[in-house]
Structures are given as structure tokens and as C-alpha cells.
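Only one structure is covered here, and it is reproduced in the block below.
The values are calculated or read from the model by the stated rules, or taken from the named source; none is laboratory data. Please read these numbers as outputs of a predicted model, since none were measured by experiment. Counting neighbours? That spans all protein chains shown, and the Cβs are built from the backbone with ideal geometry, glycine included.
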Protein chains: 2
Amino acid sequence: MTRPPKERADASRNRAAVLDAAARLFAEHGVEGVSMDQIAAAAGVGKGTLFRRFGDKAGLAVALLDARERVLQEGILHGPPPLGPGAEPAERLAAFVDAYLDYLLEHLAVIRMSEAGSPGARYRLGAYRFWHRHVAILLDGTPDPEHAAHALLAALSAVHVTALLPELGERRIREGVLRLARSLRRTGGGTPGRSWAGGAPPRVSFRRSQGE
Amino acid sequence: MTRPPKERADASRNRAAVLDAAARLFAEHGVEGVSMDQIAAAAGVGKGTLFRRFGDKAGLAVALLDARERVLQEGILHGPPPLGPGAEPAERLAAFVDAYLDYLLEHLAVIRMSEAGSPGARYRLGAYRFWHRHVAILLDGTPDPEHAAHALLAALSAVHVTALLPELGERRIREGVLRLARSLRRTGGGTPGRSWAGGAPPRVSFRRSQGE
DNA sequence: AGAGGAAACGGACTATAGTCCGGCTATGGC
DNA sequence: GCCATAGCCGGACTATAGTCCGTTTCCTCT
């Protein structure tokens, strides 16, 4: 997009080597059990390179998830209903929760890492902003869709689900979040487009701006 | 409770010195801007002492919050309605959300630190378990009060509120969480006491077990 | 009061995240 | 094919969390 100066050959070679090594080591020793030094060594690059390119461990996790994430985003934007456009908002919301939980549970540890950079890092991720925007649109007509969308996503955060998993199990979590989504939609009542009380209206722009 | 061996004099003297120093330094330079070394030095104790007693920075934050937290817990257990016993569950829930947000916003940075130890630390805090238990009871009659209570508390986590504050402002957050609480209660329908699907019934015991 | 032992003390030590900058190499112009 | 340079490379360096264990202090029992 904004990359007229082509990426140098050594740079892209190293990028690939790092992602490879990281994926392998994470799978082998768990995300928490691998240090950045180890990744750099396994990839055959220096530590400086690693950090220059990915910022920190969270950024590395984000890069690893990038591909899988786009699949879900594609399904939402241009896939078949009920996840994609065409179905009723209520159905789309349920489909999103289901698909997101599939994605989340499949990559729980890496997603947790990607959301755990600096405090509040999660809310600044391009991906988060995408999910939030999507959910807020599907909650249009309820009193404060922006806040409600944040609340729903809070119940879908990696640490939250990780903590609840041993206590409640996957099934109760799925049903619980679906119920939450339903009840948020049922909370209608405020004037459809202007329910935020005081302050500026919600921002509407979404810009794909994941690192790099 | 389980503490027959009395605390040694030097121990309690040092405990007080550390809490003092920590409170002062946190207020002065912000929670993030103070290292454990600095706290130890300011308190005139060794680093080993600091960690032996509080475990880590999060544990220190928990200890600092202890007193304020008990006030809220007292209000819930034995205070006047609507926060205390006597009012309708719906009212008590609203009162809890309000009181909790007062507490949270007053000590946001320290609470954030207390919840940010190891990943998922928040869910293991004695205080969290107390709030969860209370909310779950007030949600009795809805399909899965345990999960719903976790979801409501997720919208009240320190990082969540911190991230939403600049975007939505205090007022929209307060109203949003109150609305969420209301809609969770309105989601009734499941058989009042047995709505968890499969798996063991929710645990009912609550034990005050905040470290030390 | 004094001895004995349990518990606390404290600072040197390790491990890890993240920074910095001198040196090198791929690339594009000639 | 050769040169200049933008941008990448890499490892030494810093800061901080957290551990370990020999030493010191307090409490109890006689």
C-alpha cells in the first residue's frame, strides 16, 4: 500500500526465517517458554534485527496471526451468509461469535501473546478495531453500540477465555457469549443512531493499519 | 484465621515501611514509573525482603488496595440497601456497578497493576472471586449466572476501563455497564437454578484467601 | 537472663526484554 | 561493471523482575 521502496532481499529473507523459527519454537515449547534470544538464534539473525522488524514479542505474535486473521476478515466482508453480508444482523452476530471462537480457541496462546504487549495493547491492534467496528454495526439500533461492542469483545479476549476455560469448559463459554450477544441486541430502545449521552459521536472510520 | 504463629516485630515494621514507601512513590511517579529496587531502597529494606513478603509487584498493589477493598466488601455484606442486603437484586446489581466504578476510577492505576501479574492473575485474586460470587448470586434465575457474572466483570476490568476512558468518557462507560447489567438480568428463561449445560454444577464456596 | 532455633533479612546473581550504533551489503544510477 | 548510499544487520549494553542462600534478628523455653 504505502511501500513504493521495495523491501530488500535480505530483509524479506530474514523476515521469513524469523517467522518460521518462531512458529516452530512456539509449537515446540509453548509461547511463554521461548525467549527472543532463542528465536533470533534459531533464525540465524541478530537480536537487533528481530526487534527492529517486529517491535516486541507481541508484534511477532501479531505477524504470525496475520494470515489466519485475514481469512476471518474476508469471510466477514465478502463471504457467504450468515457470517458474510446478506443475513439478518442477529444471525451475523451469532455467526461472528462462533467463527471468532473457533479462531480464538485454535490459537489461544499466540493470540494471548499478541494482546499482551503494553497494557491496553489489545485495543490498539488493527484486528481489534476491525472486530469492534463490525460488531458495533451489527448492534446498530441499540443504545450505545460502541460500548456494547467493547463489552462483547471483552468476553472474547484471550485472557478472559483462557481463565474461564478450565472453570466452565468450551461449551458453556460458547453458549454464554452467544446469549450475551443476543441480550445486547435485545436491549434496543435508544434513538437508533444517537444514543450516546453527551460527548462526541462515535468515530466511524476504520483504517487497516497493522504495523509495518 | 490460620495464623497461630504471630508475625515478628521486624517483619511488621518492614511491611509498614514498604507499603508507606510504595504508596508515596506510586503517587509521586506513577505506578509504572517506579521499580521494585527503588521501593526497596526507599523503604530501607533489601530486595529479597520485598519479594519474599509480596511475591511480585502485583502482590504489592493488592496489599495497598486491601483496606479500601474491604470497605466495599463490607458495604455489600452488611451495609444499607441498595448496595447491602434488603433491596431487590436488580437494584443491588446497579448499586454494585456504581460503587465498583467509584472504587475503580479512584485507584485505576494501582488496580491495573494488581490485576496484571502473571496472565490471568486477576481471576485468581480473592477480591475477584468475591465480586464474582456476589454478581452471580444477583443474577440468579438467568441461564448461566456464573458466565454472565464473568462477562459483566470483564467490562469492569481495569485495563478495559482504562482503554475505553479516552474513547468514551466516564459517563458513557457508567451507563454502558449499567445497561449491560440490566440486560443480563432480563435474559431470564433458563430453569432458575440449573441452567449450566453439562459439566459440573458451579462451585458455591467462597473463601477469603488473599495472600499473607 | 541466656541459649537455641525458626524465621526474616539483604544484596549479589541470573534471566530476559528491549536499545543503540558502528559496520556492512544490496540496490540503483552511471 | 563499478560506485555511492540508504537501509539493514548484529551483538554489546542497559534496565528491571525475580531468585538464592549465607547472615542476622527475634521469640520462646528453661
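A compact table of results
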| item | result |
| --- | --- |
| Residue among B:125, B:104 that is under 24 Å from residue A:118 (Cα atoms) and touching a Leu at 6+ places or on another chain (Cβ under 7 Å) | B:104 |
| Failed item in (1) at pLDDT 95 or above; (2) more than 27 Å from residue A:113 (Cβ to Cβ), with residue B:157 passing the rest | (2) |
| Exclusive hit being surrounded by fewer than 15 Cβ atoms within 10 Å (Cβ to Cβ) and not aliphatic (A, V, I, L, M), set B:75, B:44 | B:44 |
| Hits in region A:105-118 (condition: crowded, with 17+ Cβ neighbours inside 10 Å and without any contact (Cβ under 8 Å) to a residue 60 or more places away in the chain) | A:107, A:111, A:114, A:115, A:116 |
| Region B:52-63: number of residues that are touching a helix residue (DSSP H, G or I) at 6+ places or on another chain (Cβ under 8 Å) and within 8 Å of DNA strand C (Cβ to nearest atom) | 1 |
| In region B:38-51, residue farthest from the other protein chains (Cβ to nearest Cβ) [restricted to those that are more than 6 Å from DNA strand C (Cβ to nearest atom) and not polar (S, T, N, Q)] | B:44 |
| Among (1) within 11 Å of DNA strand D (Cβ to nearest atom); (2) exposed (fewer than 12 other Cβ atoms within 10 Å of the Cβ) - the single one residue B:36 does not satisfy | (2) |
| Index of the failed condition, residue A:66 passing every other in (1) in contact (Cβ under 8 Å) with a residue 40 or more places away in the chain; (2) among the acidic types (Asp, Glu); (3) within 11 Å of DNA strand C (Cβ to nearest atom) | (3) |
| Single unsatisfied condition, residue A:137 versus (1) surrounded by fewer than 17 Cβ atoms within 10 Å (Cβ to Cβ); (2) among the hydrophobic types (A, V, I, L, M, F, W, C); (3) more than 22 Å from residue B:161 (Cα to Cα) | (3) |
| Scope region A:77-135; condition more than 25 Å from residue A:22 (Cβ to Cβ), in contact with a Phe, Trp or Tyr (Cβ under 9 Å, 6 or more places away or on another chain) and within 14 Å of another protein chain (Cβ to nearest Cβ); matching residues | A:132, A:133, A:135 |
| Tabulated pairs, region A:42-59, first touching a residue at least 24 places away in the same chain (Cβ under 8 Å), second outside any helix (DSSP H, G or I) and near DNA strand C (Cβ under 6 Å from one of its atoms), C-beta under 7 angstrom, 6+ apart or interchain | none |
| Candidates B:152, B:165 - the one that is buried (at least 18 other Cβ atoms within 10 Å of the Cβ) and out of contact with any Gly (no Cβ under 7 Å at 6 or more places or on another chain) | B:152 |
| Flag for residue B:127 being among the small types (Gly, Ala, Ser), closer than 30 Å to residue B:36 by Cβ and either buried (at least 18 other Cβ atoms within 10 Å of the Cβ) or modelled with pLDDT of 95 or more (or both) | yes |
| Index of the failed condition, residue B:82 passing every other in (1) within 14 Å of DNA strand D (Cβ to nearest atom); (2) in contact with a helix residue (DSSP H, G or I) (Cβ under 8 Å, 6 or more places away or on another chain); (3) not hydroxyl-bearing (Ser, Thr, Tyr) | (1) |
| Residue within region B:20-31 that is at pLDDT below 95, on the phi < 0 side of the Ramachandran plot and within 13 Å of DNA strand C (Cβ to nearest atom) present | yes |
| Residues (more than 7 Å from every other protein chain (Cβ to nearest Cβ) and more than 18 Å from the chain's Cα centre (by Cα)) located in region A:145-172 | A:145, A:165, A:166, A:167, A:170 |
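So that you can scan it fast, the table gives a plain yes or no per residue for (1) more than 16 Å from DNA strand D (Cβ to nearest atom); (2) of a type in the set (Phe, Trp, Tyr); (3) modelled with pLDDT of 95 or more:
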residue: B:43; (1), (2), (3): no, no, no
residue: B:52; (1), (2), (3): no, no, no
residue: B:57; (1), (2), (3): no, no, no
residue: B:66; (1), (2), (3): yes, no, no
residue: B:70; (1), (2), (3): yes, no, yes
